[in-house]
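The values are calculated or read from the model by the stated rules, or taken from the named source; none is laboratory data. None of the values given here were measured: they were computed from a predicted structure. As a convention, Cβ positions derive from the backbone with ideal geometry for all residues, glycine included, and neighbour counts pool all protein chains shown. We work out accessible area using only protein heavy atoms, side chains counted, and drop any ligands, DNA or RNA first. Shrake-Rupley method; radii C 1.70, N 1.55, O 1.52, S 1.80 Å.
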Amino acid sequence: MYRKIMIPVDLAHKDKIGKALDTGADLALHYKIPVCYVAVTSNAPGPMGHNPREFAQALAAFGEAEAARRGIETTTRAILSHDPAVDLEKKLLGAIGETGSDLVVMASHIPNVADHIWPSNGGRVASHADVSVLIVR
Amino acid sequence: MTDETETTAIPAPEGPANIIDTDYQIGQHNIQPRIGPFDLDIHNPVFLISGLTIVAFVILTLAFQDSVGPLFEALRDWLTATFDAFFLLAANVFVLLCLALIVTPLGRVRIGGRDATPDFTYSAWFAMLFAAGMGIGLMFYGVAEPISHFDSSLGGVVMENSARTDWAPLGGAAGDATEARRLAMAATIFHWSLHPWAIYAIVALALAIFSFNKGLPLTMRSIFYPIFGERIWGWVGHVIDCLAVFATLFGLATSLGFGAQQADAGLHFLFGVPVNDTTMILLILGITAVALGSVVAGLDAGVRRLSEINMVLAAALLLFVILAGPTLAILTGFFRNMAGYLEYLPALANPFGRDDNNFREGWTAFYWAWWISWSPFVGMFIARVSRGRTVREFIVCVLLIPSAVSVLWMTAFGGTAVGQIVNDGYQAVSDAPLELKLFAMLDALPLASISSFIGIVLVIVFFVTSSDSGSLVIDTITAGGKIDAPVPQRVFWATFEGLVAIALLLGGGLTALQAMAVSTGFPFTLVLLLACYAIVKGLMDEPR
């Protein structure tokens, strides 16, 4: 039914996306398809690396660990943004086509009043993506 | 397992760079509180301390205006009068270091690693650094400062009790209009070209090297790593970062308050808009609202685009003045003023053995303290958008090109205004108050209503670009160097800045807190001198 699952990950907050990772891996096993973990970074040093290359290496290591742990085929893709706080959804939407994914599994917080002003990243991706998006609360 | 990261997503490998090996992880001291519906990611304790100190200073200033105002102003005057030689000397060091970096092999080091590619095109990069750097000042002082120096130079030296009481630069040019004009333009250009841009370049370069090449967080404390080592993650670093936030927010808020007064005066002059608190508050709210839109839209869609619009408008106004004004005089004046500047430069930059105390302390040292107090903000913003340039390219574009633009701008606006006084006997521009001098000058040219309207729009847009880039910088510092902190934090700082400006405008105290902000120029001069050492040491370790 699907060819590839894209799972956006925030490497600095892995604890908050466990359910989305589990769900994505279950679906990958069920449909026997690969998972692509996508993360957005900036040029400035951050918690996950001093530069985009180190960030990409950290993401690749994460992908490898997930593949070994869950027995699924994984790829990773690190995307560069000048201003990740604002450009996140745009970059993720672009990554759907670039990675050839046709299902997005994405963690999102429980909506609250703030979502009326700043819709959640997951909400925005689901609104604009032309593929299926599964939002995991 | 395959890795797609090397294909298209990250455009270029970073190449060799000399990362500093530290156990500190960016965001390590951050806390993630939830305030109402908003999740935050802030540095503990820099966010809280700087925020509370700013609120405390505003309340104190409002409550004890009569005593606090004179105190801060006395502090500023004392600093610029006592340490004038120190300020002048330090600024000379910055210029010389920058020029040395262009010609030495250290200039070959690339910000972000040997194979890094620039994040922004030349035009976008240049527009952003100019809009953040001094755009607004050029609007107000482009006409006012040359006229002021011209008048004082023409008046010559005035002695009272064997001390000079005049404000003329150097020895003035009593009664000699041609020489007074040359000296006035040289003195103005001195304050707006190499020295201020060298101050910005030093801070920006130090931050860029220690962040993009050494892997430290993009905050002021990182510059001090070669001196304090791991201790910068403790209180030493907290104090430096808080001071940077403090100087930036007060610099921006007081400028916004004064800017609203000046824009209101301009609107009154042009359209008869009433000059009162309501209009000024509406202006501050309007500027803050557009700045909010810009920070929420982000660096690419907001700040960059607005800076580019700004640049086009400024270029249009400059071109208009050149074409509608005395075209030939401006074009030849550019080279004449450049030559005059270079001729007077050694004397103007000399910190010792001068008797023009009013000019040296009241203008030059004050300006240097002012530029230096703005340098954490402008420097950090320039650093953030300059990755991928070589040090040589960086200095040429941050120091030499803006300096040349400043010379052209001052020649077009100031030179035209002085010409109107000398050649045409047009006194309105001389008599007008500071905030109206630009409009008085434009009034004597054709199509004044259109050019003045563009002028007022430019003033407002320049404020917006300062406000949005300032909010980005404060947000990054108070998030421990993370540039992907939640957007509501930027909104908080941009709004806070507008509210502080309104509180000071209504309650009084703009002058007092601006004096306070300028006073931070003194500790930051020491910071910058240390940054010079850090730059050279940092660059020598980098692969070239």
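Which whole-number percentage describes the relative contact order of chain B, with Cα contacts under 8 Å and a sequence gap of 6 or more?
34 percent.
Would you work out which of A:Ala68, A:Leu21, A:Pro52 lies farthest towards the positive end of the dipole of the stretch A:5-136, given +1 charges on the beta-carbon of Lys and Arg and -1 on that of Asp and Glu, about the Cα centre?
So the residue we want is A:Ala68.
So how exposed is B:Thr117, as accessible area in Å² (1.4 Å probe, rounded to 10)?
60
So if each residue of separation counts as 0.36 nm, and I subtract the Cα-Cα distance between B:Ala428 and B:Ala404, what length gain in nm does that give?
So the extension gain works out to 5.8 nm.
Computed FRET efficiency, Cβ-Cβ of B:Phe228 and B:Asn44, R0 22 Å: what is it to the nearest 0.05? Present the calculation step by step, with values, prior to reporting the outcome.
Values: r = 20 Å, r/R0 = 0.90.
My answer for the efficiency is 0.65.
Got a sec? Charge dipole of the protein assembly as shown, +1 on Cβ for Lys and Arg, -1 for Asp and Glu; which of B:Ala324, A:His30, B:Gln28 is way out at the positive end?
Value: A:His30.
Could you work out, residue by residue across B:473-485, how many beta carbons of other chains sit within 10 Å of that residue's beta carbon, and then give the average as an integer?
Values: counts 0, 0, 1, 1, 0, 0, 1, 1, 4, 8, 11, 15, 2.
Whole-number average of other-chain Cβ neighbours for B:473-485 is 3.
Carbon and sulfur together cover what percent of the accessible area of the stretch A:5-136 at a 1.4 Å probe radius?
Of the solvent-accessible surface of the stretch A:5-136, carbon and sulfur hold 54 percent.
Around A:Leu92, what is the net charge, scoring Lys/Arg as +1 and Asp/Glu as -1 over all other residues with Cβ under 12 Å from its Cβ?
Counting the neighbours of A:Leu92, the net charge comes to 0.
Run the Debye formula on the Cα coordinates of chain B, all scatterers equal and no solvent, and tell me log10 I(q)/I(0) at q = 0.06, 0.12, 0.13 1/Å.
-0.28, -1.18, -1.39
Listed highest first by mean packing, meaning other Cβ atoms within 10 Å per residue, what order do B:193-203, B:383-393, B:83-93 come in?
B:193-203, B:383-393, B:83-93
So what's the Cα pair-distance distribution over the stretch A:1-115, bin width 5 Å, in %?
Result returned by the calculation: 2, 12, 22, 25, 21, 12, 6, 1.
Run through every distinct alpha carbon pair of the stretch A:83-137 and return the Kirkwood hydrodynamic radius in angstroms, one decimal place.
11.7
What value, in deg cm²/dmol to 500, does the helix sum -39500 (n - 2.57) over DSSP H runs of n ≥ 4 give at 222 nm once divided by the residues of the protein assembly as shown?
Calculated at 222 nm, the ellipticity per residue is -20500 deg cm²/dmol.
Using a Förster distance of 45 Å, how high is the FRET efficiency between B:Phe352 and B:Ile31, based on the Cβ-Cβ distance and rounded to 0.05?
Between B:Phe352 and B:Ile31 the formula returns 0.35.
In debye, nearest 20, what is the charge dipole magnitude of the protein assembly as shown about its Cα centre with +1 on Lys and Arg Cβ and -1 on Asp and Glu Cβ, if you could check?
Rounded to the nearest 20 debye, it is 1100 debye.
By how many degrees, between 0 and 90 and to the nearest 10, does the Cα long axis of helix B:277-298 differ from the longest principal axis of chain B?
Helix B:277-298 sits roughly 40 degrees off the main axis of chain B.
Straight distance only, please: which lysines reach the Cα of A:Lys90 with their own Cα at less than 23 Å, same-chain residues fewer than 8 apart left out?
Straight-line reach from A:Lys90, under 23 Å: A:Lys4, A:Lys14, A:Lys16, B:Lys482.
For A:Ser132 and B:Ala289, what is the calculated FRET efficiency with R₀ set at 56 Å and r taken between the beta-carbons, to the nearest 0.05?
Efficiency at R0 = 56 Å is approximately 0.90.
So how do B:Lys437, A:Lys32 rank on accessible area, 1.4 Å probe, biggest first, that is with the largest at the start? List each step's numbers first, then the result.
Working: B:Lys437 25, A:Lys32 170 Å².
Order by accessible area, largest first: A:Lys32, B:Lys437.
On the first, second and third principal axes, largest extent first, how far apart are the outermost C-alpha atoms of the protein assembly as shown in Å?
Result for the protein assembly as shown: principal-axis Cα extents of 92, 54, 52 Å.
Just subtract the alpha-carbon distance of B:Leu526 and B:Arg305 from 0.36 nm times their residue separation and send over the number in nm, one decimal.
On the way: separation 221, 0.36 × 221 = 79.56 nm, distance 3.50 nm.
The span from B:Leu526 to B:Arg305 would gain 76.1 nm if fully extended.
Based on the mean of other Cβ atoms within 10 Å per residue, sort peptides B:338-345, A:109-116, B:350-357 so the most packed one is first.
Values: B:338-345: 16.9, A:109-116: 12.1, B:350-357: 14.5.
Output ranking for B:338-345, A:109-116, B:350-357: B:338-345, B:350-357, A:109-116.
Any idea what the dipole of chain B comes to, in debye rounded to 20, about its Cα centre with Lys/Arg Cβ at +1 and Asp/Glu Cβ at -1?
720
Relative to the longest principal axis of chain B, what angle (0 to 90°, nearest 10) does the C-alpha long axis of helix B:305-324 take?
Helix B:305-324 sits at roughly 20 degrees to that axis.
Which semi-axes, in whole Å and largest first, does the equivalent ellipsoid of the stretch B:144-300 have when worked out from the alpha carbon gyration tensor as the square roots of 5 times its eigenvalues?
Computed over the stretch B:144-300, the values are 38, 29, 15 Å.
Take B:Ile454 and B:Ala316, extend 7 Å from each Cα along the Cα→Cβ direction, and tell me the distance between the two endpoints in nm.
0.6
Tell me the per residue accessible area of the protein assembly as shown using a 1.4 Å probe; a whole number in Å² is fine.
Computed with neighbouring chains in place, this is 36 Å² per residue.
For the stretch B:264-351, report the convex hull volume of the alpha-carbon atoms normalised per residue, in Å³, without decimals.
201
P(r) tail for the stretch B:438-544, what percent of Cα pairs lie past 21 Å?
Counting every Cα pair in the stretch B:438-544, those more than 21 Å apart make up 64 percent.
Sort A:96-106, B:478-488 by packing, meaning the average of other beta carbons within 10 Å per residue, with the highest value first.
B:478-488, A:96-106
Within the accessible area of chain B, what % is carbon and sulfur when the probe is 1.4 Å and the other protein chains stay in place?
Of the solvent-accessible surface of chain B, carbon and sulfur hold 67 percent.
Taking Cα atoms, how many degrees apart are the long axis of helix B:235-271 and the longest axis of chain B, rounded to 10 and kept between 0 and 90?
The two axes meet at around 40 degrees.
Please work out the C-alpha center-to-center distance from the stretch A:71-137 to the stretch B:155-212 and express it in whole Å.
If we compute the Cα centre of each part, the gap is 53 Å.
Chains A and B: what accessible area do they bury, summed, in square angstrom to the nearest 100, with a 1.4 Å probe? Walk me through the numbers on the way to the answer.
Details: alone 7700 and 20450 Å², together 24750 Å².
Looking at A and B, the buried total is near 3400 Å².
Would you jot down the residues in the stretch B:291-319 that end up with at least 40 Å² less accessible area in the complete protein assembly than in the chain alone, with a 1.4 Å probe?
B:Asp300
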